[in-house]
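The values are calculated or read from the model by the stated rules, or taken from the named source; none is laboratory data. Please read all numbers here as calculations on a predicted model, not as lab measurements. Cβ sites come from the backbone with ideal geometry, for glycine too, and all protein chains shown count toward neighbours.
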Amino acid sequence: MKELHYAFGIDIGGTNTKIGFFDHQGALLSYHHIPTDKSLTPEKFIERIAQESFTLVAPLGFSRGDKRIIGLGAGAPMANFFTGMVLEAPNLGWKNVPLKAHFEKYFSVPSVIENDANLAAVGEKRWGSGKDLSDFVLITLGTGVGAGLILNNSLFRGHDALGAEGGHVLIPHEKKRLCSCGGMNHLESFLSAQGIKQTIHELTGEEWKIEKLGQLYHEGNQRAKTIIHTIAHELASGLTSMAVLLGPQAFIIGGGVSKLGEPFNQVILEKLNEIVHFSLKGKIKIISATLSSDKGAIYGGAAHIFEEVKK
């Protein structure tokens, strides 16, 4: 019966790995996160994730091999849906990893793997801010910068799952910054957690966390205002390129930086409308992810599994 279906959603990030266990209605029944241990081989790390996952669901009466668990959806940087591989993920130090095979070996359930931002977009489409939208771009601002693209109500992957890599859009800038992928002046080099940290240090000479930046901005601190406007303009520069190509109804902002909230969204929108093509001015929304600032991909992983069952 449909109501007996459950699924894991897993998000392997550059800093932490998140594990969620869901029912078919999108209720998060259990959640856990662990540091992403780059000292382990990828296979050993997936084995550890499996151990943590089944320990997590044991109090709910589930164990490996339980037929009610119908699958696992996992996100990871540069994960390829079509091949099941991660060819290269610089933030993890992984190369040529058969990720889907590892998950199915240690979880004993069918698995789907995707770019983590793709999964976050799927989650927002099924259960979050995108459920009433047919065309949107989910932007994740965290350790890196990702993009997940929903076009005509469906996830767009591009040829060989290499599409919608919005974090690597080139942005015009008087400064030169090296991206983690080796490219220069990619959006990720300015809007990743490290990129924003670098901008804060350049403008203040200090080390601020995102929470402090948001607090000071709300209090009217002039330096915080300068930083917010700087990073909003950099983000809007990247979104402008995506906007004229895709014509989305909205950009949905997720990831840790989205904790800056609605005031940040409004500044992004102002900057976007200043520089976007005249035909798009005032027509694109900037909204926050509603599933969570940092759990969108695990929701999307479970949503992927339930969608496949529905088909």
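Some values worked out for this structure:
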item: Residue in the range 224-242 that is assigned by TED's automatic domain parsing to the domain that holds residue 143, closer than 25 Å to residue 148 by Cβ and surrounded by fewer than 18 Cβ atoms within 10 Å (Cβ to Cβ) present; result: yes
item: Some residue of the range 154-165 being part of a strand (DSSP E or B) and more than 17 Å from residue 251 (Cβ to Cβ); result: yes
item: Tally, over the range 2-59, of residues that are assigned to a loop (DSSP other than H, G, I, E, B) and either in contact with a strand residue (DSSP E or B) (Cβ under 8 Å, 6 or more places away or on another chain) or not assigned by TED's automatic domain parsing to the domain that holds residue 298 (or both); result: 4
item: Unmet requirement for residue 278, which otherwise passes all of (1) among the aromatic types (Phe, Trp, Tyr); (2) touching a residue at least 40 places away in the same chain (Cβ under 8 Å); (3) assigned by TED's automatic domain parsing to the domain that holds residue 234; result: (2)
item: Residues satisfying the stated conditions in the range 37-74, i.e. in contact with a Gly (Cβ under 7 Å, 6 or more places away or on another chain), surrounded by 15 or more Cβ atoms within 10 Å (Cβ to Cβ) and under 14 Å from residue 97 (Cβ atoms); result: 74
item: The range 195-221 - residue that is over 21 Å from the mean Cα position of the chain (by Cα) and touching a residue at least 24 places away in the same chain (Cβ under 8 Å) and, of those, farthest from residue 264 (Cα to Cα); result: 203
item: When residues of the range 285-311 are limited to those that are charged (D, E, K, R) and assigned to a loop (DSSP other than H, G, I, E, B), the one nearest to residue 119 (Cα to Cα); result: 295
item: Subset of the range 74-88 (residues that are touching a strand residue (DSSP E or B) at 6+ places or on another chain (Cβ under 9 Å) and among the hydrophobic types (A, V, I, L, M, F, W, C)); result: 74, 76, 78, 79, 81, 85, 86, 87
item: Positions within the range 244-262 being surrounded by fewer than 21 Cβ atoms within 10 Å (Cβ to Cβ) and at pLDDT 95 or above, in sequence order; result: 249, 250
item: Subset of the range 9-35 (residues that are within 19 Å of residue 125 (Cβ to Cβ), in contact with a Leu (Cβ under 8 Å, 6 or more places away or on another chain) and touching a residue at least 24 places away in the same chain (Cβ under 8 Å)); result: 9, 10, 11, 20, 22
item: Test: residue in the range 113-124 that is at pLDDT below 95 and surrounded by fewer than 23 Cβ atoms within 10 Å (Cβ to Cβ); result: no
item: Residue selected from the range 157-209 under the condition of a type in the set (D, E, K, R) and within 25 Å of residue 136 (Cα to Cα), by the criterion modelled with the lowest pLDDT; result: 160
item: Check on residue 129, surrounded by fewer than 20 Cβ atoms within 10 Å (Cβ to Cβ) and more than 14 Å from residue 77 (Cα to Cα); result: no
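Per-residue answers, yes or no, for (1) farther than 20 Å from residue 256 by Cβ; (2) assigned to a loop (DSSP other than H, G, I, E, B); (3) basic (Lys, Arg); (4) without any contact (Cβ under 8 Å) to a residue 12 or more places away in the chain:
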{"site": "112", "(1), (2), (3), (4)": "yes, no, no, no"}
{"site": "119", "(1), (2), (3), (4)": "no, no, no, no"}
{"site": "122", "(1), (2), (3), (4)": "no, no, no, no"}
{"site": "131", "(1), (2), (3), (4)": "yes, yes, yes, yes"}
{"site": "134", "(1), (2), (3), (4)": "yes, yes, no, no"}
{"site": "138", "(1), (2), (3), (4)": "no, no, no, no"}
{"site": "143", "(1), (2), (3), (4)": "no, yes, no, no"}
{"site": "147", "(1), (2), (3), (4)": "no, no, no, no"}
